[in-house]
1. Out of the residues in the stretch 180-215 that are free of Cβ contacts under 8 Å to residues at least 60 places away in the same chain and part of a loop (DSSP other than H, G, I, E, B), state the one that is nearest to residue 162 (Cα to Cα).
2. Pairs, please: C-beta under 6 Å, at least 6 apart or cross-chain, first residue on the phi > 0 side of the Ramachandran plot and in the stretch 302-319, second part of a strand (DSSP E or B)?
3. Filter the stretch 922-933 down to the residues that are surrounded by fewer than 21 Cβ atoms within 10 Å (Cβ to Cβ) and touching a strand residue (DSSP E or B) at 6+ places or on another chain (Cβ under 7 Å) and list them by number.
4. When you go through (1) closer than 27 Å to residue 306 by Cβ; (2) modelled with pLDDT of 95 or more; (3) out of contact with any strand residue (DSSP E or B) (no Cβ under 7 Å at 6 or more places or on another chain); (4) surrounded by fewer than 18 Cβ atoms within 10 Å (Cβ to Cβ) one by one for residue 358, which number turns out not to apply?
5. Identify, from the list 427, 440, 431, the residue that is in contact with a strand residue (DSSP E or B) (Cβ under 7 Å, 6 or more places away or on another chain) and within 12 Å of residue 225 (Cβ to Cβ).
6. Quick check on the stretch 880-903. Is at least one of its residues under 33 Å from the mean Cα position of the chain (by Cα), in the same structural domain as residue 815 (by TED's automatic domain parsing), at pLDDT below 95 and not in a strand (DSSP E or B)?
7. Can you find, within the stretch 487-529, the residue that is farthest from the chain's Cα centre (by Cα) among those that are over 20 Å from residue 584 (Cα atoms) and at pLDDT below 95?
């Protein structure tokens, strides 16, 4: 009997079977469906929804073969050794409670090395342990994609995590703190001005931290450098989707989130020991220019500039981007060409991409020889007086391409211990990490007695070993201020605690109140920096006045203890965090100061305190009972500090009347601490017979105790405290009065605190923007929403829509700054003609009533007796879409013109974000019946006449399996225009060009809806 075999071969798991030869009359049907499978394989990254469709096709082929060959449904195997779906196999690694899971033994043996682990061998070497996993992931491999879902296994019955499980992590992610309902794609992206629903930012952390209802916690790491979908949309469920094959590492369940993060740090490493100065406030701006003529004199003598800064107590952090200008005679370019260090195209020639210097080549940091080459360049660079280095644009970002990065088929000739020769899709997410590593190593070469400070924008799991990070190009808005707290916490919960946002926002102009509020909180973040873009108003703290400048004077302590993880009421709080044992509560709402903030305190003792600087725009501070924290004097820079400076201890006793805390002191730089040259002091306090005794319990290190005064403050609650002075190292005592006296002290302190808040000089919240009518940035965008859409509209700058969020899919199709881009409308064929930036008035506003959606009508004067009117509403009985009715109307066109206006054209100009640029295209059917697919490579195209879309076109994202459908009245549209740009696309609707009168306005009626695609 003849035998016919077929299969779907993938790296992870091929499914195959052998059956009798198929009769020829069935061959065409079989070939058709095999072709469907083969064609879908060209898509590099199907989404969860798309995978469902692919599974159906696969099952059809299996059933078809079974029927034709009388096949009884035997197990479909993976190259003879495993199944294509099922439970993952495991081995214990590292220590108790840590397990590595793989799809099969073959997959385990063939896995690529780990870049996230400090030592890849730790991930690959099993240990002896009698522990077994509590949670076992399941997998399914289909068309070179590996889907991993974490489920609990009880007697071989699969079930989800318990209801009430909270999900965190996912690294650098915008939006809410608790991640249930969200989806993230790990693909390092230059995400300027990102929004709360942006799915890919500058860093990739395929990691989820699950906190169970009982307070226990479990960590899950998908150890893959490739693009990975983290799908948390289903409650208490974790799913990863990434190209085959990759292992999954679980940590726990352990007793607490802290225990999970400690276990994770043993795998991926801890933060590098930073120089002390790097914990202070940093000020940056794009760009500080010299006061000479820019083109002639800019930073002509950088070494002298650095010397001048050092003389005044400043440290200088210099920027190094990966893009090297392609210019013969430039020594870095010439040296790199000679050493053959550049990332290559598929044809073996150096890849050239446009960045700030113009055409650039890019070092291939996956090679040890290239990292060494770069490190030696950094070594020489540091000799200019460089104190720290900032690696920017290292996603890597590339201009003038839709994907905003280099092609995925570029070639990296990587070291075998990293994964060997691979295309860019393999190394893209670790390019920034490897650059930061090379920079860090170069700074160590420059001076082994100095601790390097490296700041990186792009990163991956493990980046914290080499660099601090910040949350990228954020916006000067209250939304971004609120979001910055969650973003810093998520990074910390993903193994990167040395982070912070651009305080005040990078893009746009912060109002004094917004900046002051942000600075008050940001001064307590581990990385604290103000940074603003070119063309914005001054964002230095002192530029907003004395009240704002005073908000920066807090000093950072160690970041990260935990409160009761069993308390569900605390799990979604987004305006508070712990700084060591200090609870920081901030008001992130514009019109809600500290005096109006309601606090949700954890269980236990939490005593409020301040430094005599209480203000409605500063955060509230609470010290956990049982804690002692040391506080130093206010300084302009670390060079002013002396060992003999006064030291203050804040003491909060617990229920047993005890407290403890530690203080670490060393040179603040260098590595003498590794030789024992430091002082680690443990202070304790205890209440006995109304006397609080504070003393040194023990010390470590070879340093002697400095001769300095010690100021002890015992907190009583409500801001009240009792204090005493003495010498550090002596036993100090504070006598507590009677309970009645303590109660009076607390009551008096609370009253004085309230009076200080009420009497504080208010920080203004208005800041004039340059513009045609001097708009106020302090205004808040207006939300228009129904059950499926949330729109944000800015009437006072062009009436533009700056955000379009589709709730069911969790996608943000449009997101922009207040004053540019987004959804705009013009009154002419010229780009940004009248109607784009004028102030619009709201002439009608309806809130949601009796099931009817909200609506808004705006109108802007565009001159010449004309107005541009726009009605935005949610149609009745069509909650899945929203409608826009746009018109150019005649209001007061002069009789001398015969009642007709100038020549105008209604031009609808939305700028949509491409969530996955390489997987996006426009699809439509023209009036003449022809079908079109317009891809990013096509640049700009217009369609009119019989080629005009027949009332509908779609922006399709294959990766998400979604399409944004734009429907319009074809009789009102003269031309449709598609313009692809860097990470965005415009889908423009143009009316005809003609004068208008009272009887003949121009109109375009259109709507938007998100649909799933098969």
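The values are calculated or read from the model by the stated rules, or taken from the named source; none is laboratory data. As the structure is a computational prediction, the values presented were derived from the model and not from experiment. Neighbour counts are summed over all protein chains in view; Cβ atoms, including those assigned to glycine, are modelled from backbone coordinates with ideal geometry.
1. 212
2. Cβ pairs passing all conditions: none.
3. Here is the first cut: in the stretch 922-933, the residues surrounded by fewer than 21 Cβ atoms within 10 Å (Cβ to Cβ) are 923, 925-933.
Once the filter is applied, which keeps residues that are surrounded by fewer than 21 Cβ atoms within 10 Å (Cβ to Cβ) and touching a strand residue (DSSP E or B) at 6+ places or on another chain (Cβ under 7 Å), the stretch 922-933 yields 923, 925, 926, 927, 931, 932, 933.
4. Residue 358 satisfies every listed condition except (3).
5. 427
6. Within the stretch 880-903, one or more residues are under 33 Å from the mean Cα position of the chain (by Cα), in the same structural domain as residue 815 (by TED's automatic domain parsing), at pLDDT below 95 and not in a strand (DSSP E or B).
7. 512
Yes/no matrix, rows are residues, columns are (1) under 16 Å from residue 626 (Cα atoms); (2) within 42 Å of the chain's Cα centre (by Cα):
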{"position": "696", "(1), (2)": "yes, no"}
{"position": "711", "(1), (2)": "no, yes"}
{"position": "720", "(1), (2)": "no, yes"}
{"position": "731", "(1), (2)": "no, no"}
